[in-house]
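Single-structure report; data block below.
The values are calculated or read from the model by the stated rules, or taken from the named source; none is laboratory data. Nothing here was measured: the structure is a model prediction, and the numbers come from that model. Every residue, glycine among them, receives a Cβ derived from its backbone with ideal geometry; neighbour counts consider all protein chains shown. Please note that ligands, DNA and RNA were not included when accessible areas were found on the heavy atoms of the full protein model with its side chains. Shrake-Rupley method; radii C 1.70, N 1.55, O 1.52, S 1.80 Å.
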Amino acid sequence: DMSPEEIAFQGRIDRNEKIEPKEWMPEGYRKTLIRQIGQHAHSEIVGQLPEGNWITRAPTLERKQILLAKVQDEAGHGLYLYCAAETLGVSRDELLERLHSGDMKYSSIFNYPTLTWADMGAVGWLVDGAAIMNQVPLQRTSYGPYSRAMIRICKEESFHQRQGYAIMMKMANGTPAQKKMAQDALNRLWYPSLMMFGPSDKDSVHSAQSMAWKIKMNTNDELRQKFVDQTVPQAEYLGLTVPDPDLKWNEEKGGYDFSEPDWDEFYQVLKGNGPCNKERLGARVKAWEDGAWYRDAMVAHAKKKASRRPV
Ligand code: 3HC
């Protein structure tokens with residue numbers, strides 16, 4: 001029951017052609033991209049908050065500079081992704097309004113608190129590690145502007161992941177108290193990181209269509225498995241213990257068996273009931289309201305300039 005246009009479009013996708021902004025696309029394709037790219041952009045912006053929390057308390061000037069640069073990178077990723085979404089005919093104002101009203105989501109992970117300096121290590125190592133696992137395949141996604149944004153973003157994300165792991169190495173090889181902080185950060189952030197990949201495949205509503213359109217390149221469970229397989233040896237190298245008593249190498253599948261996160265908790269966080277949802281969204285809404293005078297001034301200035309233009 002596909003129209004001739006839809007059949008031709010699917011043919012282009014199947015031949016790995018990139019779809020560009022002004023070209024014909026099914027409405028569902030456009031909508032799915034706006035949802036995914038928009039949520040991704042929101043995640044980058046809201047994702048600045050848990051780390052911003054530690055900029056003023058970084059243990060050394062060097063650590064402060066690195067963290068500041070990293071948080072600025074996230075802002076850049078967000079703006080870059082909003083631009084990619086705008087090529088689909090949605091304005092940035094509308095996307096922000098939909099974030100602020102709670103209509104659009106951002107990644108569940110950013111609704112967890114960052115309690116100690118070791119969390120800066122664990123966020124870089126696990127959260128950015130999970131983000132890259134998802135974003136590297138998205139470099140091949142079918143929509144041109146999204147795919148090109150991912151190429152640049154992945155380069156910076158991999159630096160973020162390494163800086164996080166470097167903090168973990170320092171902490172895990174430090175004093176017993178530092179090692180304990182590192183273990184505690186891993187304990188708290190392990191399952192929330194696994195949740196970043198989305199619900200298990202049987203509960204993922206969008207995966208089948210998004211993969212047919214190559215908006216998504218892998219299923220949620222495929223990427224979660226790859227993340228666990230990559231991360232467990234890194235935890236072992238740190239001398240830390242992944243907080244999963246059922247974690248076990250499975251020779252036959254060539255990967256680890258592991259416990260699923262608590263999906264009830266995941267859906268609660270999605271509904272706005274996670275530990276920091278209100279604080280995070282509140283901070284974004286406040287930033288938007290506090291910036292109103294500046295936006296008004298820019299508009300007034302632009303109008304004045306336009307009215308002065310010689311006729
Ligand atoms: N947090 C919040 N919502 C989530 C979620 C998560 N971890 N995982 C899934 N969901 C939501 C989906 O958005 C969807 O809800 P919706 O219909 O209201 O949009 C619902 O749960 C069902 O899940 P699906 O598996 O059907 O949804 P998707 O096909 O969209 O898959 C995804 C989810 C894998 C996250 C996919 O959207 C994706 O690959 N997105 C791009 C990557 C991204 O957004 N990353 C953000 C996290 S990290 C980051 O960018 C910051 C970093 O730099 C620190």
Worksheet item: In region 171-225, how many residues are over 18 Å from the mean Cα position of the chain (by Cα) and within 10 Å of the ligand (Cβ to nearest atom)?
Response: 6
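Table: residues versus (1) free of Cβ contacts under 8 Å to residues at least 24 places away in the same chain; (2) within 18 Å of residue 135 (Cα to Cα); (3) among the polar types (S, T, N, Q).
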position: 222; (1), (2), (3): yes, yes, no
position: 238; (1), (2), (3): no, no, no
position: 241; (1), (2), (3): no, no, yes
position: 255; (1), (2), (3): no, no, no
position: 277; (1), (2), (3): no, no, yes
position: 283; (1), (2), (3): no, no, no
Worksheet item: Just one of the numbered conditions (1) open to solvent by 20 Å² or more (accessible area, probe 1.4 Å); (2) within 30 Å of residue 289 (Cα to Cα); (3) not in a helix (DSSP H, G or I) is not true of residue 140; which one?
Response: (2)
Worksheet item: Is there a residue being within 11 Å of the ligand (Cβ to nearest atom), open to solvent by 40 Å² or more (accessible area, probe 1.4 Å) and either assigned to a helix (DSSP H, G or I) or among the acidic types (Asp, Glu) (or both) anywhere in region 85-92?
Response: no
Response to the item:
Note on region 106-119: residues within 12 Å of the ligand (Cβ to nearest atom) and assigned to a helix (DSSP H, G or I) are 108, 109, 110, 111
Practice prompt. Mind listing whichever residues of region 50-77 are under 16 Å from the mean Cα position of the chain (by Cα) and either closer than 14 Å to residue 159 by Cα or surrounded by 19 or more Cβ atoms within 10 Å (Cβ to Cβ) (or both)?
Written response: 50, 51, 70, 71, 72, 73, 74, 77
Item to complete: Pick out the one residue from 287, 212, 297 that is modelled with pLDDT of 95 or more, open to solvent by less than 70 Å² (accessible area, probe 1.4 Å) and under 30 Å from residue 12 (Cα atoms).
Response: 212
Worksheet item: So which of 174, 124 ends up being within 21 Å of residue 189 (Cβ to Cβ) and surrounded by fewer than 17 Cβ atoms within 10 Å (Cβ to Cβ)?
Response: 174
Worksheet entry | Hits in region 18-32 - residues which are more than 13 Å from residue 145 (Cα to Cα) and without any contact (Cβ under 8 Å) to a residue 12 or more places away in the chain | 27, 31
